Every structure is written in structure tokens, then in C-alpha cells.
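The values are calculated or read from the model by the stated rules, or taken from the named source; none is laboratory data. Please read all numbers here as calculations on a predicted model, not as lab measurements. Note that each Cβ is placed from the backbone with ideal geometry, even for glycine, and that neighbours are counted across all protein chains shown.
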Amino acid sequence: MKKFALLASCAAAALLIPIGIARTQVAGGATLGVTVEEMRVVLLGWSARNKLLGADVYNDKGEKIGKIDDIIVSPERTVSHAIVGVGGFLGLIGKHDVAIPMDQIKFIGNRFVIPGASKAALKAMPEFHYAAP
């Protein structure tokens, strides 16, 4: 109940902040946080952990062809590729990871779809390996 009251108080306070003006914290000379407008965009976006990672990937025939295992963010700060795990026993042994550009993955009917893809086609792609740290 206390958490609900705190959440309600925070929400009420956020509504009182004039549009376009957000109170931000300052560390040194850098402003931290997001504006009210930016927060609206954040709230409408997808959480990688909750909506993307582990999501099944299908082809346009409705066949499950893999799972999203990771999301790559480019140096330009855009989501550039999804790492899709294909095959494997229990999703681990013999799994083949491939990098698929995000513009090739469509969201159709609450499913991630790679049109024209198949498990065999993905397994034939070069395997993705992370760079050494």
C-alpha cells in the first residue's frame, strides 16, 4: 500500500510539472535525466528485457525459426541488429547465432517475422561471435 501511495504521489507531482520543463539532476556540469516529452517516448517504447529478449522469431509461413537472444546498439546509438539463436537442443547445444539487421525483422500480428526466412537459411548464414573484450 505504501508503494502505491508513493507511486501515486510521484505521478501527481509529474502532472504538475509544466510541459517541456523537467526537473533534472546535475552531476558536475552535465544535466542528467530526460524531459517530460522524452519520458513519454520512453514510456511508449519497448523494453528490450521485457519485450524483445527471448522473443520467438517466425517466418511469413508462421514457422518458428529462432529466438532473439540479444540486441546490438550501433555507435550511432540506434538498434542496428538482433542476434537470433537458431536450433540447438534446449536452445543451447548446437545453437547457431546470426546477426539480422533490424530493418529485416517485421512486427506482424504480435510476432517478430523475418519474411522469406527459414531455419535452414539462418543456419547457413555465418555464425555471429562477439568480439573479444
Quick check, is I21 closer than 17 Å to F128 by Cα, modelled with pLDDT under 95 and either assigned to a helix (DSSP H, G or I) or out of contact with any helix residue (DSSP H, G or I) (no Cβ under 6 Å at 6 or more places or on another chain) (or both)? no
Enumeration of residues in the range 39-79 that are at pLDDT below 95 and among the hydroxyl-bearing types (S, T, Y): S47, S74, T78
When F128 is evaluated against the numbered criteria (1) surrounded by 15 or more Cβ atoms within 10 Å (Cβ to Cβ); (2) at pLDDT below 95; (3) within 17 Å of the chain's Cα centre (by Cα), which criterion, by number, is the only one it fails? (3)
Taking only pairs six or more apart or across chains, which ones have beta-carbon atoms under 7 Å, a first residue in the range 48-64 that is outside the structural domain of N110 (by TED's automatic domain parsing) and more than 8 Å from F112 (Cα to Cα), and a second residue that is of a type in the set (D, E, K, R) and assigned to a strand (DSSP E or B)? none
